[in-house]
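Scroll down for the structure; my scribbles are underneath it.
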Amino acid sequence: MYQPEIERISEELYFVAASPATRRLRTQAELLAQTDVPVLITGEAGSGKTTAARLIHSLSIRSSFPFTRVKCAALTSDLLENELFGYEHAAANGRPESTLGKFEQGVKGSILLDEFDVVPDAVQRRLLKLLETGEFFRCGGQKPIRADVRIIAATCGDLELAVAEKKVQEELFYRLSVFELRVPPLRERHEEIPLLLGHLMNRLARRYGVPAPRLSSVLLDACQQYAWPGNLRELENFAKRFLAHGSEEDALRDLHSRPRPASADKLENGNGNGHARSGSEPAAPAHPSDESSSLKLLVRNAKGEAERGAIAHALEQTHWNRKAAARLLNISYRALLYKIQEYHLVPPAESARIFDADDLRQAK
(Lines give C-alpha, C1' and ligand atoms only; values in the text may rest on other atoms or scores of the structure.)
Protein backbone atom coordinates (compact mmCIF):
# COMPACT_ATOMS: atom_id res chain seq x y z
CA MET A 1 0.00 0.00 0.00
CA TYR A 2 1.37 3.38 -0.99
CA GLN A 3 1.44 6.20 1.52
CA PRO A 4 -0.17 9.19 -0.20
CA GLU A 5 1.95 12.28 -0.69
CA ILE A 6 0.74 15.80 -1.42
CA GLU A 7 3.57 18.06 -2.55
CA ARG A 8 3.09 21.79 -2.78
CA ILE A 9 4.52 23.32 -5.96
CA SER A 10 3.07 26.83 -5.76
CA GLU A 11 0.34 28.77 -3.96
CA GLU A 12 -2.49 26.97 -5.75
CA LEU A 13 -0.71 23.98 -7.30
CA TYR A 14 -0.04 20.59 -5.69
CA PHE A 15 1.31 17.28 -6.94
CA VAL A 16 -0.57 14.31 -5.49
CA ALA A 17 1.03 10.85 -5.57
CA ALA A 18 -0.85 7.86 -4.20
CA SER A 19 -0.42 5.18 -6.86
CA PRO A 20 2.45 3.32 -8.54
CA ALA A 21 1.88 5.37 -11.72
CA THR A 22 2.30 8.77 -10.07
CA ARG A 23 5.15 7.51 -7.87
CA ARG A 24 7.03 6.56 -11.03
CA LEU A 25 6.16 9.93 -12.52
CA ARG A 26 7.56 11.70 -9.44
CA THR A 27 10.82 9.70 -9.61
CA GLN A 28 11.23 10.40 -13.33
CA ALA A 29 10.57 14.12 -12.80
CA GLU A 30 13.19 14.16 -10.05
CA LEU A 31 15.77 12.61 -12.35
CA LEU A 32 14.94 14.91 -15.26
CA ALA A 33 15.19 17.95 -12.99
CA GLN A 34 18.91 17.26 -12.58
CA THR A 35 19.59 17.62 -16.31
CA ASP A 36 19.21 20.76 -18.39
CA VAL A 37 18.14 19.18 -21.67
CA PRO A 38 14.70 19.61 -23.28
CA VAL A 39 11.86 17.39 -22.07
CA LEU A 40 8.75 16.23 -23.92
CA ILE A 41 5.66 15.68 -21.74
CA THR A 42 2.83 13.65 -23.27
CA GLY A 43 -0.60 12.80 -21.95
CA GLU A 44 -4.29 13.23 -22.51
CA ALA A 45 -5.99 16.62 -22.20
CA GLY A 46 -6.47 17.58 -18.56
CA SER A 47 -4.20 14.82 -17.21
CA GLY A 48 -1.76 17.21 -15.49
CA LYS A 49 1.02 17.91 -18.00
CA THR A 50 1.45 21.49 -16.80
CA THR A 51 1.69 20.27 -13.20
CA ALA A 52 4.38 17.78 -14.25
CA ALA A 53 6.31 20.55 -15.99
CA ARG A 54 6.02 22.77 -12.89
CA LEU A 55 7.23 19.85 -10.77
CA ILE A 56 10.36 19.42 -12.90
CA HIS A 57 11.02 23.15 -12.67
CA SER A 58 10.49 23.27 -8.89
CA LEU A 59 12.94 20.40 -8.33
CA SER A 60 15.66 21.92 -10.55
CA ILE A 61 18.33 24.53 -9.88
CA ARG A 62 16.21 26.93 -11.96
CA SER A 63 13.37 26.85 -9.41
CA SER A 64 14.02 30.37 -8.09
CA PHE A 65 13.71 31.80 -11.62
CA PRO A 66 10.57 32.22 -13.76
CA PHE A 67 8.41 29.39 -15.03
CA THR A 68 6.63 30.52 -18.20
CA ARG A 69 3.80 28.72 -19.97
CA VAL A 70 2.99 29.58 -23.58
CA LYS A 71 -0.21 28.19 -25.12
CA CYS A 72 0.99 27.71 -28.68
CA ALA A 73 -2.45 26.98 -30.13
CA ALA A 74 -3.81 30.34 -28.94
CA LEU A 75 -1.50 32.42 -31.15
CA THR A 76 -1.01 32.84 -34.89
CA SER A 77 2.40 32.07 -36.39
CA ASP A 78 3.61 35.70 -36.37
CA LEU A 79 2.30 36.40 -32.87
CA LEU A 80 3.84 33.20 -31.48
CA GLU A 81 7.18 34.03 -33.10
CA ASN A 82 7.15 37.52 -31.55
CA GLU A 83 5.96 36.15 -28.20
CA LEU A 84 8.80 33.66 -27.94
CA PHE A 85 11.73 35.44 -29.58
CA GLY A 86 10.83 39.12 -29.23
CA TYR A 87 11.20 41.66 -32.01
CA GLU A 88 12.97 44.86 -32.97
CA HIS A 89 11.19 47.83 -34.48
CA ALA A 90 11.61 51.55 -35.11
CA ALA A 91 10.08 53.95 -32.60
CA ALA A 92 8.28 57.19 -33.54
CA ASN A 93 11.56 59.08 -33.28
CA GLY A 94 13.22 56.66 -35.69
CA ARG A 95 15.40 55.00 -33.06
CA PRO A 96 15.39 51.20 -32.91
CA GLU A 97 13.54 49.66 -30.00
CA SER A 98 13.40 46.07 -28.77
CA THR A 99 10.56 44.07 -27.26
CA LEU A 100 11.75 41.08 -25.30
CA GLY A 101 10.24 37.67 -25.93
CA LYS A 102 9.65 34.89 -23.42
CA PHE A 103 13.12 33.40 -23.94
CA GLU A 104 14.66 36.64 -22.67
CA GLN A 105 12.03 37.48 -20.07
CA GLY A 106 12.36 34.04 -18.51
CA VAL A 107 16.16 33.97 -18.43
CA LYS A 108 17.57 31.19 -16.20
CA GLY A 109 14.08 29.76 -15.79
CA SER A 110 11.98 27.18 -17.63
CA ILE A 111 9.52 27.67 -20.49
CA LEU A 112 6.66 25.29 -21.26
CA LEU A 113 5.55 25.18 -24.89
CA ASP A 114 2.05 23.80 -24.43
CA GLU A 115 0.14 22.19 -27.33
CA PHE A 116 3.44 21.86 -29.13
CA ASP A 117 2.01 19.72 -31.94
CA VAL A 118 0.38 22.80 -33.51
CA VAL A 119 3.49 25.02 -33.58
CA PRO A 120 3.79 26.57 -37.08
CA ASP A 121 6.67 25.55 -39.33
CA ALA A 122 8.41 28.96 -39.18
CA VAL A 123 8.53 28.80 -35.38
CA GLN A 124 9.71 25.17 -35.50
CA ARG A 125 12.69 26.22 -37.64
CA ARG A 126 13.62 28.93 -35.13
CA LEU A 127 13.29 26.50 -32.21
CA LEU A 128 15.45 23.92 -33.96
CA LYS A 129 18.16 26.55 -34.56
CA LEU A 130 17.99 27.56 -30.89
CA LEU A 131 18.36 23.93 -29.76
CA GLU A 132 21.28 23.36 -32.15
CA THR A 133 23.26 26.53 -31.35
CA GLY A 134 21.90 27.77 -28.02
CA GLU A 135 21.27 31.15 -29.68
CA PHE A 136 18.40 32.96 -31.39
CA PHE A 137 17.62 36.26 -33.11
CA ARG A 138 14.78 38.59 -32.28
CA CYS A 139 12.35 39.00 -35.16
CA GLY A 140 13.88 41.70 -37.33
CA GLY A 141 17.11 41.62 -35.30
CA GLN A 142 20.65 40.99 -36.52
CA LYS A 143 22.44 40.24 -33.24
CA PRO A 144 22.49 36.68 -31.89
CA ILE A 145 21.26 36.31 -28.30
CA ARG A 146 22.38 33.52 -26.01
CA ALA A 147 19.46 31.51 -24.64
CA ASP A 148 19.60 30.49 -20.97
CA VAL A 149 16.26 28.77 -20.45
CA ARG A 150 15.13 25.17 -20.03
CA ILE A 151 12.66 24.14 -22.76
CA ILE A 152 9.79 21.78 -21.92
CA ALA A 153 7.28 20.82 -24.62
CA ALA A 154 3.87 19.30 -23.92
CA THR A 155 1.31 17.72 -26.18
CA CYS A 156 -1.79 15.56 -26.03
CA GLY A 157 -1.40 14.72 -29.71
CA ASP A 158 0.57 11.99 -31.47
CA LEU A 159 3.88 13.61 -32.39
CA GLU A 160 5.08 10.56 -34.29
CA LEU A 161 2.04 10.80 -36.53
CA ALA A 162 2.63 14.56 -36.87
CA VAL A 163 6.21 13.81 -37.99
CA ALA A 164 4.97 11.22 -40.51
CA GLU A 165 2.47 13.77 -41.85
CA LYS A 166 5.23 16.44 -42.09
CA LYS A 167 3.49 18.66 -39.54
CA VAL A 168 6.42 18.48 -37.10
CA GLN A 169 10.05 18.52 -38.26
CA GLU A 170 11.74 15.18 -37.67
CA GLU A 171 14.98 16.67 -36.31
CA LEU A 172 13.06 18.86 -33.87
CA PHE A 173 11.12 15.80 -32.69
CA TYR A 174 14.38 13.91 -32.08
CA ARG A 175 15.83 16.76 -30.03
CA LEU A 176 12.74 17.18 -27.88
CA SER A 177 11.82 13.54 -27.30
CA VAL A 178 15.06 12.01 -26.02
CA PHE A 179 13.64 12.57 -22.54
CA GLU A 180 9.91 11.87 -22.60
CA LEU A 181 7.64 11.97 -19.57
CA ARG A 182 4.21 10.39 -19.96
CA VAL A 183 1.49 11.60 -17.60
CA PRO A 184 -0.99 8.75 -17.07
CA PRO A 185 -4.72 9.46 -17.45
CA LEU A 186 -6.90 9.38 -14.36
CA ARG A 187 -8.43 6.01 -15.33
CA GLU A 188 -4.98 4.42 -14.90
CA ARG A 189 -4.73 5.67 -11.31
CA HIS A 190 -8.33 5.35 -10.16
CA GLU A 191 -7.19 4.49 -6.62
CA GLU A 192 -6.11 8.13 -6.27
CA ILE A 193 -9.57 9.53 -6.99
CA PRO A 194 -10.79 9.64 -3.33
CA LEU A 195 -7.62 11.47 -2.26
CA LEU A 196 -7.69 13.83 -5.25
CA LEU A 197 -11.38 14.61 -4.81
CA GLY A 198 -10.98 15.24 -1.08
CA HIS A 199 -7.98 17.48 -1.72
CA LEU A 200 -9.86 19.44 -4.39
CA MET A 201 -12.95 19.80 -2.18
CA ASN A 202 -10.89 21.16 0.73
CA ARG A 203 -8.93 23.58 -1.46
CA LEU A 204 -11.99 24.87 -3.29
CA ALA A 205 -14.01 25.15 -0.06
CA ARG A 206 -11.29 27.38 1.42
CA ARG A 207 -11.22 29.48 -1.76
CA TYR A 208 -15.00 30.00 -1.78
CA GLY A 209 -15.37 30.31 2.01
CA VAL A 210 -17.75 27.36 2.42
CA PRO A 211 -17.47 24.23 4.60
CA ALA A 212 -15.95 21.17 2.93
CA PRO A 213 -18.61 18.46 2.50
CA ARG A 214 -18.27 14.89 3.69
CA LEU A 215 -17.96 12.43 0.82
CA SER A 216 -19.84 9.17 1.26
CA SER A 217 -18.48 5.79 0.22
CA VAL A 218 -21.31 5.55 -2.35
CA LEU A 219 -20.20 8.76 -4.06
CA LEU A 220 -16.50 7.84 -3.91
CA ASP A 221 -17.22 4.40 -5.39
CA ALA A 222 -19.20 5.99 -8.23
CA CYS A 223 -16.32 8.38 -8.88
CA GLN A 224 -13.85 5.50 -9.02
CA GLN A 225 -16.05 3.62 -11.49
CA TYR A 226 -16.37 6.59 -13.83
CA ALA A 227 -13.74 6.83 -16.60
CA TRP A 228 -13.11 10.63 -16.36
CA PRO A 229 -12.29 11.26 -20.03
CA GLY A 230 -11.53 14.89 -19.11
CA ASN A 231 -9.11 13.68 -16.40
CA LEU A 232 -8.15 16.06 -13.57
CA ARG A 233 -9.79 19.04 -15.24
CA GLU A 234 -13.13 17.21 -15.33
CA LEU A 235 -12.69 16.04 -11.74
CA GLU A 236 -12.10 19.62 -10.57
CA ASN A 237 -15.18 20.84 -12.44
CA PHE A 238 -17.19 18.06 -10.78
CA ALA A 239 -15.93 19.19 -7.36
CA LYS A 240 -16.94 22.80 -8.12
CA ARG A 241 -20.46 21.73 -9.11
CA PHE A 242 -20.78 19.57 -6.00
CA LEU A 243 -19.81 22.51 -3.78
CA ALA A 244 -22.29 24.72 -5.62
CA HIS A 245 -25.38 22.51 -5.29
CA GLY A 246 -24.33 20.50 -2.22
CA SER A 247 -26.51 17.53 -3.10
CA GLU A 248 -25.01 14.08 -3.31
CA GLU A 249 -28.05 12.85 -5.23
CA ASP A 250 -27.48 15.49 -7.88
CA ALA A 251 -23.77 14.61 -8.00
CA LEU A 252 -24.54 10.91 -8.52
CA ARG A 253 -27.15 11.75 -11.14
CA ASP A 254 -24.55 13.96 -12.83
CA LEU A 255 -22.08 11.08 -13.06
CA HIS A 256 -24.62 8.50 -14.24
CA SER A 257 -26.06 10.77 -16.93
CA ARG A 258 -22.77 11.38 -18.68
CA PRO A 259 -22.05 9.57 -21.97
CA ARG A 260 -19.80 6.57 -21.50
CA PRO A 261 -16.50 6.79 -23.41
CA ALA A 262 -15.17 3.67 -25.09
CA SER A 263 -12.53 3.34 -22.38
CA ALA A 264 -15.23 2.83 -19.73
CA ASP A 265 -15.89 -0.72 -20.94
CA LYS A 266 -12.21 -1.50 -20.49
CA LEU A 267 -12.37 -0.18 -16.93
CA GLU A 268 -15.25 -2.49 -16.05
CA ASN A 269 -13.62 -5.53 -17.60
CA GLY A 270 -10.41 -5.03 -15.62
CA ASN A 271 -6.95 -5.96 -16.84
CA GLY A 272 -6.62 -9.53 -15.66
CA ASN A 273 -5.02 -8.79 -12.30
CA GLY A 274 -8.14 -9.48 -10.24
CA HIS A 275 -9.15 -5.83 -9.83
CA ALA A 276 -12.16 -4.53 -11.70
CA ARG A 277 -11.94 -1.08 -13.24
CA SER A 278 -8.19 -1.13 -12.97
CA GLY A 279 -7.71 1.50 -15.65
CA SER A 280 -6.25 -0.69 -18.36
CA GLU A 281 -4.34 1.26 -20.94
CA PRO A 282 -6.30 2.35 -24.02
CA ALA A 283 -5.40 0.82 -27.33
CA ALA A 284 -2.48 2.56 -28.95
CA PRO A 285 -3.31 4.55 -32.07
CA ALA A 286 -2.41 2.92 -35.34
CA HIS A 287 0.90 4.06 -36.75
CA PRO A 288 1.11 5.04 -40.39
CA SER A 289 4.09 2.77 -40.97
CA ASP A 290 6.58 0.42 -39.34
CA GLU A 291 9.07 3.28 -39.62
CA SER A 292 7.10 5.26 -37.02
CA SER A 293 7.18 2.28 -34.64
CA SER A 294 10.95 2.03 -35.08
CA LEU A 295 11.25 5.75 -34.34
CA LYS A 296 9.33 5.30 -31.08
CA LEU A 297 11.58 2.41 -30.06
CA LEU A 298 14.67 4.46 -30.91
CA VAL A 299 13.49 7.36 -28.76
CA ARG A 300 12.72 5.09 -25.77
CA ASN A 301 16.10 3.40 -26.03
CA ALA A 302 17.87 6.76 -26.22
CA LYS A 303 16.04 8.00 -23.13
CA GLY A 304 16.93 4.84 -21.17
CA GLU A 305 20.56 4.98 -22.20
CA ALA A 306 20.83 8.66 -21.21
CA GLU A 307 19.33 7.96 -17.78
CA ARG A 308 21.49 4.87 -17.28
CA GLY A 309 24.60 6.82 -18.25
CA ALA A 310 23.84 9.64 -15.80
CA ILE A 311 23.35 7.19 -12.92
CA ALA A 312 26.47 5.17 -13.80
CA HIS A 313 28.53 8.37 -13.94
CA ALA A 314 27.29 9.50 -10.50
CA LEU A 315 28.10 6.07 -9.02
CA GLU A 316 31.61 6.16 -10.48
CA GLN A 317 32.17 9.69 -9.14
CA THR A 318 31.21 8.57 -5.62
CA HIS A 319 33.08 5.24 -5.83
CA TRP A 320 29.72 3.45 -5.58
CA ASN A 321 28.68 5.17 -2.38
CA ARG A 322 24.97 4.90 -3.15
CA LYS A 323 23.81 7.46 -0.63
CA ALA A 324 26.35 9.99 -1.90
CA ALA A 325 25.31 9.22 -5.49
CA ALA A 326 21.64 9.76 -4.59
CA ARG A 327 22.54 13.15 -3.10
CA LEU A 328 24.56 14.03 -6.21
CA LEU A 329 21.63 13.14 -8.48
CA ASN A 330 19.25 14.81 -6.01
CA ILE A 331 16.92 11.81 -5.92
CA SER A 332 15.81 9.62 -3.05
CA TYR A 333 18.02 6.74 -1.95
CA ARG A 334 15.24 4.24 -2.67
CA ALA A 335 14.73 5.61 -6.18
CA LEU A 336 18.44 5.14 -6.89
CA LEU A 337 18.34 1.52 -5.69
CA TYR A 338 15.42 0.79 -7.99
CA LYS A 339 17.28 2.37 -10.93
CA ILE A 340 20.45 0.38 -10.19
CA GLN A 341 18.38 -2.78 -10.24
CA GLU A 342 16.42 -1.76 -13.35
CA TYR A 343 19.57 -1.05 -15.38
CA HIS A 344 21.53 -4.01 -13.93
CA LEU A 345 24.40 -1.81 -12.76
CA VAL A 346 27.06 -3.75 -10.84
CA PRO A 347 29.92 -2.31 -8.74
CA PRO A 348 33.34 -3.19 -10.24
CA ALA A 349 34.59 -4.86 -7.06
CA GLU A 350 31.27 -6.40 -6.05
CA SER A 351 30.15 -8.35 -9.07
CA ALA A 352 28.59 -11.05 -6.92
CA ARG A 353 26.07 -8.69 -5.27
CA ILE A 354 24.34 -5.44 -6.18
CA PHE A 355 22.78 -4.54 -2.84
CA ASP A 356 24.01 -5.01 0.70
CA ALA A 357 21.67 -5.79 3.62
CA ASP A 358 20.89 -2.13 4.31
CA ASP A 359 20.08 -1.58 0.64
CA LEU A 360 17.63 -4.48 0.61
CA ARG A 361 15.86 -3.22 3.73
CA GLN A 362 15.63 0.28 2.24
CA ALA A 363 14.25 -1.01 -1.05
CA LYS A 364 11.37 -2.95 0.53
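The values are calculated or read from the model by the stated rules, or taken from the named source; none is laboratory data. What you see is a predicted model, and the numbers here were worked out from it, not measured in a lab. Counting neighbours? That spans all protein chains shown, and the Cβs are built from the backbone with ideal geometry, glycine included.
Considering region 303-342, the residues that are of a type in the set (S, T, Y) and touching a residue at least 24 places away in the same chain (Cβ under 8 Å) include one that is nearest to P38 (Cα to Cα), namely S332. So which residues in region 69-101 are exposed (fewer than 15 other Cβ atoms within 10 Å of the Cβ), in contact with a Pro (Cβ under 8 Å, 6 or more places away or on another chain) and assigned to a helix (DSSP H, G or I), if there are any at all? Passing the criteria: only S77.
For L55, the requirement of being assigned by TED's automatic domain parsing to the domain that holds I151 and in a helix (DSSP H, G or I) is met. Taking the criterion of being assigned to a loop (DSSP other than H, G, I, E, B) and either within 12 Å of V149 (Cβ to Cβ) or among the charged types (D, E, K, R) (or both), the only residue of region 115-127 that qualifies is E115. Being modelled with pLDDT under 75, at positive phi, surrounded by fewer than 16 Cβ atoms within 10 Å (Cβ to Cβ) and not β-branched (V, I, T) is a property that does not hold for G246. Taking the criterion of being in a loop (DSSP other than H, G, I, E, B) and buried (at least 19 other Cβ atoms within 10 Å of the Cβ), the residues of region 102-114 that qualify are G106, G109. Restricting attention to region 315-352, the residues that are among the hydrophobic types (A, V, I, L, M, F, W, C) and under 16 Å from Q28 (Cβ atoms) add up to 7.
Residue by residue, here is whether (1) at pLDDT 90 or above; (2) in contact with a Lys or Arg (Cβ under 9 Å, 6 or more places away or on another chain) holds:
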position	(1), (2)
A147	yes, no
C156	yes, yes
F179	no, yes
R187	yes, yes
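Take the residues in region 43-85 that are more than 18 Å from the chain's Cα centre (by Cα) and of a type in the set (S, T, Y), then tell me which one is farthest from F137 (Cα to Cα). Only one residue fits best here, namely S64.
If you check R214, R206 for being farther than 27 Å from E44 by Cβ and either in a helix (DSSP H, G or I) or not assigned by TED's automatic domain parsing to the domain that holds D254 (or both), only one passes: R206. Is at least one residue of region 26-34 surrounded by fewer than 19 Cβ atoms within 10 Å (Cβ to Cβ) and outside any helix (DSSP H, G or I)? Scanning region 26-34, I find at least one residue that is surrounded by fewer than 19 Cβ atoms within 10 Å (Cβ to Cβ) and outside any helix (DSSP H, G or I), so the answer is yes.
Tell me yes or no: at least one residue of region 133-146 is touching a residue at least 24 places away in the same chain (Cβ under 8 Å) and closer than 22 Å to A52 by Cα. Among the residues of region 133-146, not one is touching a residue at least 24 places away in the same chain (Cβ under 8 Å) and closer than 22 Å to A52 by Cα, which makes the answer no.
Filtered by the rule that a residue be of a type in the set (K, R) and in a helix (DSSP H, G or I), region 168-190 gives R175, R187, R189.
Residues of region 150-157 include none that is farther than 21 Å from K49 by Cα, touching a helix residue (DSSP H, G or I) at 6+ places or on another chain (Cβ under 6 Å) and not in a helix (DSSP H, G or I).
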